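Beneath this line is the structure, given in structure tokens, with notes to follow.
The values are calculated or read from the model by the stated rules, or taken from the named source; none is laboratory data. It should be emphasised that the depicted structure is a prediction, and the values quoted were computed from it without experimental measurement. Ideal geometry is used to build each Cβ from the backbone, glycine not excepted, and the neighbour counts take in all protein chains shown. All accessible areas refer to the heavy atoms of the entire protein, side chains included, with ligands and DNA or RNA removed. Shrake-Rupley method; radii C 1.70, N 1.55, O 1.52, S 1.80 Å.
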Amino acid sequence: MSSNTLVLPLASAPDSRLRRPRAVVLDASGTLLYPTRPIGDIYAETALRHGATLDRAALQAGFVRAFRQLIHREPGTIPSDGCDRVWWRQVVKLSVAECALPTDFPFEAYFEELYLVFAQPEIWALYDDVLPALQKLQAAGITLALLSNWDWRLNPLIDGLGLGEYLPKERRFISAERGAQKPHDAIYALVEKELALPAADILLAGDEPDYDVTPAQARGWQAWHVQRPGQTLLHLAQLIAD
């Protein structure tokens, strides 16, 4: 869900000599926001409310393993109704697979509570550089948009964390609402169409090379690999908005 919980290989740093884009499209988890506590802790606390004491470290490892295993999804398998419960149920099921669950453990109720917990803004926080960067980019007249492999739950997070004025609903490209996700070409084409901009006028900023940097560049966009502390969104804003 974020760079705090899932570490993917890093690509080489992008060229700092960027052209000023007309739009900056932002990833969400690991780029704008992060969970305030480890995923394993949240899974364990929720399990306790359902009568099971589970090891937090085992749940953390299980989540990372499950996410890595299931993250690669084929085109045509992404819902467009905003609800991605089926996929997330698989993630949670695999996350707890090696835990000693009671025979009467109410997994469905556990999953439903977990699913809704992560829609709560108080579970998440913004990186310190986010608001200054968005303010600077917006003041420079650069259009801001969101592109994330998420579902409807990202909307209350964006609004609840104070990003709604920078990322209005019509410029949120959320995979489970659009029926396509990064790194598949269809989602980038959709962004270009709805922003009414050619690829060369768009820059994508994100923390995952395989889902943000490489596919965006292949489409003809510019890309900024967020690698804190050395390569933040504020550094990007200073390069292209000053």
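Below is a table of values for the structure above.
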{"item": "Verdict on residue 144 being in contact with a Leu (Cβ under 8 Å, 6 or more places away or on another chain), of a type in the set (A, V, I, L, M) and open to solvent by 30 Å² or more (accessible area, probe 1.4 Å)", "result": "no"}
{"item": "Residue in segment 70-93 that is in contact with a helix residue (DSSP H, G or I) (Cβ under 7 Å, 6 or more places away or on another chain) and over 18 Å from residue 150 (Cβ atoms) present", "result": "no"}
{"item": "Residue identified as of a type in the set (Gly, Ala, Ser), outside any helix (DSSP H, G or I), closer than 15 Å to residue 28 by Cβ and modelled with pLDDT of 95 or more among 180, 176, 205", "result": "205"}
{"item": "Residue among 188, 166 that alone is of a type in the set (Ser, Thr, Tyr), part of a loop (DSSP other than H, G, I, E, B) and free of Cβ contacts under 8 Å to residues at least 60 places away in the same chain", "result": "166"}
{"item": "Flag for residue 60 being surrounded by fewer than 17 Cβ atoms within 10 Å (Cβ to Cβ), among the polar types (S, T, N, Q), in a helix (DSSP H, G or I) and touching a residue at least 12 places away in the same chain (Cβ under 8 Å)", "result": "no"}
{"item": "Checking residue 200 against (1) open to solvent by 30 Å² or more (accessible area, probe 1.4 Å); (2) under 16 Å from the mean Cα position of the chain (by Cα); (3) within 18 Å of residue 215 (Cβ to Cβ), the condition it does not meet", "result": "(2)"}
{"item": "Test: residue in segment 81-91 that is small (Gly, Ala, Ser), part of a helix (DSSP H, G or I) and at pLDDT 95 or above", "result": "no"}
{"item": "Conditions (1) within 16 Å of residue 19 (Cα to Cα); (2) in contact with a Phe, Trp or Tyr (Cβ under 8 Å, 6 or more places away or on another chain); number of the one not met by residue 231", "result": "(1)"}
{"item": "Single residue of 239, 234, 195 found to be touching a Leu at 6+ places or on another chain (Cβ under 7 Å) and in contact (Cβ under 8 Å) with a residue 60 or more places away in the chain", "result": "239"}
{"item": "Subset of segment 220-233 that is surrounded by 18 or more Cβ atoms within 10 Å (Cβ to Cβ) and not aromatic (Phe, Trp, Tyr) - its residue that is farthest from residue 202 (Cα to Cα)", "result": "232"}
{"item": "Evaluation of residue 238 against (1) within 17 Å of residue 143 (Cβ to Cβ); (2) at pLDDT 95 or above (one fails), failing number", "result": "(1)"}
{"item": "Test: residue in segment 96-118 that is farther than 17 Å from residue 47 by Cα and not in a helix (DSSP H, G or I)", "result": "no"}
